[in-house]
Amino acid sequence: MLAIQMKHYYVSDIQFKYNPDSEDIVTLLGFFEVIFNNDDPEKRGYNVKSLCERNTLAILFPYLRSTISDISLKANAEPIILPTINIVELIEEREKEAGDIDKL
């Protein structure tokens, strides 16, 4: 069994400019713990790196959405509300598209 647990997160940098054309930046860092049982996860068919990348992004994304909404609302600007996204599905689609392009 493989488990991923978020231990902590924090916003390490926020740049907010009241300009609709600006590229505002938010850096959100997450700290995770990966727990393995006695079995080697690779032998059980897990790609640990891929599993961790996908799941950690999926876990952190709601915190990013909330942070962006809160900051824009408190700045008395029009709130920026990111849509909910199935991160794992999005990554899989992008990988499939990249694989299709590589085949050309």
## Note on the structure
In segment 24-40, anything modelled with pLDDT of 70 or more and either of a type in the set (A, V, I, L, M) or under 20 Å from the mean Cα position of the chain (by Cα) (or both) is listed as ILE25, VAL26, THR27, LEU28, LEU29, GLY30, PHE31, PHE32, GLU33, VAL34, ILE35
## Note on the structure
For segment 59-87 the number of residues that are part of a helix (DSSP H, G or I), modelled with pLDDT of 90 or more and out of contact with any Leu (no Cβ under 8 Å at 6 or more places or on another chain) is 5
### Query
Mind checking which residues of segment 59-84 are under 18 Å from THR27 (Cα atoms) and among the β-branched types (Val, Ile, Thr)?
ILE59, THR67, ILE68, ILE71, ILE80, ILE81
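Being among the hydroxyl-bearing types (Ser, Thr, Tyr) and surrounded by 13 or more Cβ atoms within 10 Å (Cβ to Cβ) is the filter here; which residues of segment 67-104 pass it?
Passing the criteria: THR67, SER69, SER72.
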### Task
Within segment 41-58, count every residue that is of a type outside the set (S, T, N, Q) and either modelled with pLDDT of 85 or more or exposed (fewer than 13 other Cβ atoms within 10 Å of the Cβ) (or both).
8
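The values are calculated or read from the model by the stated rules, or taken from the named source; none is laboratory data. A quick note: this is a predicted structure, and the numbers were derived from the prediction, not measured. For neighbour counting, all protein chains shown are included, and Cβ atoms are generated from backbone atoms with ideal geometry for every residue, glycine included.
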